[in-house]
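Asks: One structure, as structure tokens, below. Some questions next.
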Amino acid sequence: MQFELKHTADESKARAGRITTDHGVIETPIFMPVGTAGSVKGIHKRDLKEDIGAQIILGNTYHLYLRPGLSIIEQAGGLHKFNGWDGPILTDSGGYQVFSLGDIRKLSEEGAKFQSHIDGSAHLFTPENVMDTQRTIGADIMMAFDECTPGDAEYEYARKSMEMTQRWLDRCWNQFVKTSPKYGYSQSLFPIVQGAVYPDLRAKSAQSVLQYNADGYAIGGLSVGEPEKDMYAMIEVVNEILPENRPRYLMGVGTPVNILEGIDRGVDMFDCVMPTRNGRNGMLFTSKGIMNMRNKKWADDFSPVDPDGTSFVDHQYSRAFLRHLIIAGEMLGAQIASQHNLAFYLWLVKEARKHILDNTFKSWKEEMVRQLSVRL
RNA sequence: GGGGAGAUACCAAAGUGGCCAACUGGGUCUGACUGUAACUCAGAUGACGUACGUCUUCGUAGGUUCGAAUCCUGCUCUCCCCA
């Protein structure tokens, strides 16, 4: 994997770049749709690629390991062959599940023991076997196994957690270099910076991660309950330290505004379940603001879903019809909303890239941020 | 014509003397959702008031009772069975 930094915007740290993987090119800044179980919920590959314009998608180690299981994925010849997505894939390591499944897992120096959310069976995830699993899944970008520290963690907890993530990273890296790709294309491993909302911990974590000279670096443990201003502050601290010539991935973020603020602070890659999950739950993100499609005011609005939208669903269906589908619990409603949101997210980062390249990012961003917060 | 059952809030449906402005579903309204245990979750849903509360409700008109959605009587309507 290679990263080429094309341009940094005036009056901003926003960057335009290009990542080249064996499965294709990614133009940054980029938003990566989340396909936890190997599928971006409700979205066909064709729409993902041609309508939405996704350049890379996510998968999840924990979920795929549990179901369908590694044997099936290996038999298929890796996740790309299995799900038919021939572009780049990034897999999360299960580190987020250490956070989100807090009630059904036990943490130790060795790793995290999960109680499967599917059948209750016990599974030990270690930095080593998580690397092996991601080799088997065949992700173009593998993520280090970390503890995603909760946003409200006390300093001492955050320090110990961050230090353990560091030790885990070392074990990840050893296993990574000791093993080889299984399917004939190369894989990268991204370390993850932790440290909760404490600048000194973040700085320390970012410094320590540099020793691996990785192909890219991630900022984790944000948008997990901490105030937004803390999130932005941490991004600033970390990006001051991370190398210019490597992509920076802000994990799990976020709202359209979060993404623009992240780009402004020098982040290149984002992923988030919001466009799909909130879409399924009836919320639309548009360039004019947020729409809650369950609100009655859309019931007799027969205008297009989003006249400015780039997806065919934006013009094919009316707001009234989409609202009807969502209220009626029709699958198509969730699909349309998800597809619209993803197309909007991809439009947003593409637009950001354009404005970075022609040095109009800052003013464009300010105007967009104002607009995006409006509730329609 | 004879026999039986029933009428409760937008709908369905509990409640059968005080803990009932009335369980529970659905519907409706409003929120929340950030490396997906999530097409999920939370709140509201007679009126007025921020609230303690006040007022009007359980087909309808009366009655019994300290007190009635609940008991009694008349009326109206609905459904089922037999002719």
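Asks: If I ask for residues that are over 23 Å from A:His23 (Cβ atoms) and of a type in the set (Val, Ile, Thr), which ones from the range A:56-109 would you list?
Replies: If the condition is that a residue be over 23 Å from A:His23 (Cβ atoms) and of a type in the set (Val, Ile, Thr), then A:Val98, A:Ile104 are the ones that fit.
Asks: Mind checking whether some residue in the range A:351-368 is within 14 Å of RNA strand B (Cβ to nearest atom) and at negative phi?
Replies: no
Asks: Which pairs turn up if I take residues in the range A:353-365 that are closer than 18 Å to A:Arg18 by Cβ and assigned to a helix (DSSP H, G or I) and look for partners that are modelled with pLDDT of 95 or more and of a type in the set (A, V, I, L, M) with beta carbon separation below 8 Å, at least 6 apart in sequence or on another chain?
Replies: Qualifying pairs under 8 Å: A:Arg353/A:Ala16; A:Ile356/A:Ala14; A:Ile356/A:Ala16; A:Ile356/A:Ile263; A:Leu357/A:Ala16; A:Phe361/A:Ala14; A:Phe361/A:Ile263; A:Phe361/A:Ala352.
Asks: Looking at A:Val253, A:Val267, which one is crowded, with 19+ Cβ neighbours inside 10 Å, under 13 Å from the mean Cα position of the chain (by Cα), more than 11 Å from RNA strand B (Cβ to nearest atom) and not in a helix (DSSP H, G or I)?
Replies: Going through A:Val253, A:Val267 in turn, just one is crowded, with 19+ Cβ neighbours inside 10 Å, under 13 Å from the mean Cα position of the chain (by Cα), more than 11 Å from RNA strand B (Cβ to nearest atom) and not in a helix (DSSP H, G or I): A:Val267.
Asks: Any residue that is under 19 Å from A:Ile73 (Cα atoms) and crowded, with 16+ Cβ neighbours inside 10 Å - is there at least one of those in the range A:151-163?
Replies: no
Asks: Could you figure out which of (1) within 11 Å of RNA strand B (Cβ to nearest atom); (2) surrounded by 16 or more Cβ atoms within 10 Å (Cβ to Cβ); (3) not small (Gly, Ala, Ser) isn't true of A:Arg294?
Replies: Only one criterion is unmet by A:Arg294, namely (2).
Let's see how each residue does on (1) modelled with pLDDT of 95 or more; (2) among the hydrophobic types (A, V, I, L, M, F, W, C); (3) buried (at least 21 other Cβ atoms within 10 Å of the Cβ); (4) away from RNA strand B (no atom under 15 Å from the Cβ):
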| residue | (1), (2), (3), (4) |
| --- | --- |
| A:Ile26 | yes, yes, yes, yes |
| A:Lys41 | yes, no, no, no |
| A:Ile52 | yes, yes, yes, no |
| A:Gly87 | yes, no, no, yes |
| A:Leu90 | yes, yes, yes, no |
| A:Ser93 | yes, no, yes, no |
| A:Leu101 | no, yes, no, no |
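Asks: Then there's this: Are there any pairs with C-beta distances below 6 angstrom linking a residue in the range A:259-280 that is within 20 Å of A:Glu330 (Cα to Cα) to a residue that is among the hydroxyl-bearing types (Ser, Thr, Tyr), with the two at least 6 apart or on different chains, and if so which?
Replies: Pairs found: A:Pro275/A:Tyr345; A:Thr276/A:Ser338; A:Gly279/A:Ser338.
Asks: Here is a follow-up. Among (1) more than 29 Å from A:Phe312 (Cβ to Cβ); (2) in contact with a His (Cβ under 9 Å, 6 or more places away or on another chain); (3) in contact (Cβ under 8 Å) with a residue 40 or more places away in the chain, there is one condition A:Gln97 misses while meeting the rest; what is its number?
Replies: Here A:Gln97 meets the rest and fails (3).
Asks: Tell me, please, whether a residue that is outside any loop (DSSP other than H, G, I, E, B), more than 19 Å from A:Asp92 (Cα to Cα), of a type in the set (D, E, K, R) and more than 10 Å from RNA strand B (Cβ to nearest atom) can be found in the range A:237-244.
Replies: Quick first cut of the range A:237-244, residues outside any loop (DSSP other than H, G, I, E, B) only: A:237-241.
Of the ones still in play, those that are also more than 19 Å from A:Asp92 (Cα to Cα) are A:237-241.
In the following step, the residues that additionally are of a type in the set (D, E, K, R) were identified as A:240.
Retained after the next criterion (residues that are more than 10 Å from RNA strand B (Cβ to nearest atom)): A:240.
Yes: the range A:237-244 contains one or more residues that are outside any loop (DSSP other than H, G, I, E, B), more than 19 Å from A:Asp92 (Cα to Cα), of a type in the set (D, E, K, R) and more than 10 Å from RNA strand B (Cβ to nearest atom).
Asks: List pairs: first in the range A:198-227 and over 21 Å from A:Leu90 (Cα atoms) and assigned to a loop (DSSP other than H, G, I, E, B), second more than 15 Å from RNA strand B (Cβ to nearest atom) and basic (Lys, Arg), Cβ under 9 Å, 6+ apart or cross-chain?
Replies: Correct list of pairs: A:Tyr198/A:Arg159.
Asks: Determine whether A:Gly282 is of a type in the set (Gly, Ala, Ser), in contact with a Lys or Arg (Cβ under 8 Å, 6 or more places away or on another chain) and surrounded by fewer than 23 Cβ atoms within 10 Å (Cβ to Cβ).
Replies: Considered against the rule, which asks whether it is of a type in the set (Gly, Ala, Ser), in contact with a Lys or Arg (Cβ under 8 Å, 6 or more places away or on another chain) and surrounded by fewer than 23 Cβ atoms within 10 Å (Cβ to Cβ), A:Gly282 comes out as yes.
Asks: Only residues that are more than 15 Å from RNA strand B (Cβ to nearest atom) and not β-branched (Val, Ile, Thr): list them for the range A:125-142, please.
Replies: The answer is A:Glu128, A:Asn129, A:Asp132, A:Arg135, A:Gly138.
Asks: Taking the range A:108-124, which residues are within 13 Å of RNA strand B (Cβ to nearest atom), among the aliphatic types (A, V, I, L, M) and touching a strand residue (DSSP E or B) at 6+ places or on another chain (Cβ under 9 Å)?
Replies: Matches in the range A:108-124: A:Ala112 only.
Asks: Residues in the range A:76-84: is at least one within 12 Å of RNA strand B (Cβ to nearest atom) and among the polar types (S, T, N, Q)?
Replies: The answer is no, given that none of the residues of the range A:76-84 is within 12 Å of RNA strand B (Cβ to nearest atom) and among the polar types (S, T, N, Q).
Asks: Can you name the number of the only condition in (1) buried (at least 20 other Cβ atoms within 10 Å of the Cβ); (2) away from RNA strand B (no atom under 12 Å from the Cβ) that A:Ser287 fails?
Replies: Among (1) buried (at least 20 other Cβ atoms within 10 Å of the Cβ); (2) away from RNA strand B (no atom under 12 Å from the Cβ), the lone unmet condition for A:Ser287 is (1).
The values are calculated or read from the model by the stated rules, or taken from the named source; none is laboratory data. None of the values given here were measured: they were computed from a predicted structure. Here Cβ is always computed from backbone atoms with ideal geometry, including for glycine, and neighbour counts include all displayed protein chains.
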